[in-house]
Amino acid sequence: MQVRDLTKGTGEWLRGIGPKSDVVISSRIRLARNVAGFPFLTRCTARDRQALQVQASAAIAQCNLGPAVEFLDLQPLRDIDRQLLVERHLISKPHAALEGARGVALSKDETLSIMVNEEDHLRIQVLRSGLQLADAWAQIGPIDDQLEQRLHWAFHPRFGYLTACPTNVGTGIRVSVMLHLPALKLTGEIEKVFRAAKELRLAVRGLYGEGTEATGDFYQVSNQTTLGRTEEQLLEQFEQAVVPRIIEYEQHARRMLLTERTVALDDKIFRALGLLRNARLLTGDEALFLLSHVRLGVHLGRISDVDMAKVNELFLLTQPAHLQMILGKELDGDQRRAARAHFIRQKLGAG
């Protein structure tokens, strides 16, 4: 697998399909697992890390994980290759930045990634576009079972799966949804989401997870603890309580903007579209902010000459690593801003 080949599509998390995809960008389930007989990675030697990678990659190869699953050794990759994998939500920022033996197994359709030697020995992740947590769980469960037969997870009869971070001890599951909430941001009601999350002991993070801020009105909502609750209980909480409540907040805010603040709404949407079609310099954050408003305008039927697939594509392809990979050269800050603006103008049919 060539990392640059990934730029030919948008990836699972931005396909823009699936239930409730106007608000729910993607659903993700991740399992933290450690191999019995090895210390946690903070205590591992370089030899331990290498041995773990060899065992994990061999086990992954032996499992029936679906068509076109390949293992990438991250250590020899260029920084830009690793950054592109981060931008596609296939590895985490810490995984990209770490030193030593580490890798990731990827499915061709990008619904599955298995990080090896991140915070835990393995982080198994399944992604779905829209609100499809049940489908993600149906896929990840058998994968976990197959790998456990070959690697033997560190497990305690009282505490469950043992993990590097205490908040993951228990089931080791992290359930999360990526939400696009521009109307709540525009109406100043985004605090509703934060309050609801706090009441339910959930975490709200930015586009790239822990340690990142919300950009382009994207928010990740996930569980904070796993001990004492079953996987099914967590999934039920998200599918029946958490996500429907947030969707209703956002949809109510969109209806209010349409009926009570139509001119102000259109001004935001078409001002954003005008800037994207005419700007000569754009930062990554600015592009995401403007594209967020355009995406809202497309969903609300205010913009008719831009399709959603193109907007979703621009969200991803204008990220730094993608942009440089597509253009085939490294760019400094000013060059990236100019190249990003030019790329967007071309895609949106502007001058």
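Just so you know, all these numbers are worked out from the coordinates, no wet-lab data involved. Here the structure is a predicted model, which means the values were calculated and not measured. Cβ placement follows ideal geometry from the backbone for every residue including glycine, while neighbour counts extend to all protein chains displayed.
Couplings for the range 165-178, taken from phi via the Karplus curve 6.51 cos²θ - 1.76 cosθ + 1.60 with θ = phi - 60°, read 9, x, 5, 9, 4, x, 7, x, 9, 10, 9, 8, 10, 9 Hz in order; Gly and Pro are left as x.
Restricting things to Cα coordinates, could you compute the convex hull volume per residue of the range 206-351 in Å³?
141
Counted by Cβ distance under 14 Å from F40, the other residues give a net charge of 0, where Lys and Arg count +1 and Asp and Glu count -1. Shape index of the range 275-351: Rg/Rh, with Rg the Cα radius of gyration and Rh the Kirkwood radius from the inverse mean 1/r over Cα pairs, equals 0.97. Annotation: amide H of Q75 within the under-5 Å range of R102, sequence separation 5 or more or interchain, hydrogens built in the peptide plane.
Within 10 Å, count the other beta carbons around each residue, average over each peptide in 174-186, 100-112, and list them highest first.
So the order, starting with the most tightly packed, is 174-186, 100-112.
Mean residue ellipticity, 222 nm, helices only, the chain: the sum of -39500 (n - 2.57) across DSSP H runs of n ≥ 4, divided by residue count and rounded to 500, is -13500 deg cm²/dmol. Axis of helix 308-317 versus longest Cα principal axis of the chain: the two differ by about 60°, to the nearest ten degrees. All other residues whose Cβ lies under 10 angstrom from that of G172 are scored, Lys and Arg at +1 and Asp and Glu at -1, for a net of +1.
The smallest convex shape that holds all Cα atoms of the range 19-71, its convex hull, gives 144 Å³ per residue. Diagonalising the gyration tensor over the Cα atoms of the range 133-211 and scaling each eigenvalue by 5 before taking the square root yields semi-axes of 33, 16, 10 Å, largest first.
Among residues other than M1 with Cβ under 13 Å from its Cβ, the summed charge is -2 (Lys and Arg +1, Asp and Glu -1).
For the set K198/K268; K8/K185; K93/K268; K93/K329, the pairs lying more than 25 angstrom apart at their alpha carbons are K198/K268; K8/K185; K93/K268.
Relative to the longest principal axis of the Cα atoms of the chain, the long axis of helix 243-260 lies at roughly 10 degrees. Compared with the dominant principal axis of the Cα atoms in the chain, helix 333-347 is inclined by about 70°.
Where a ≥ b ≥ c are the square roots of the eigenvalues of the C-alpha gyration tensor, would you call the range 154-283 rounded, which needs a/c under 1.5, or, failing that, prolate if a/b is larger than b/c, or oblate? In terms of gyration-tensor shape, prolate.
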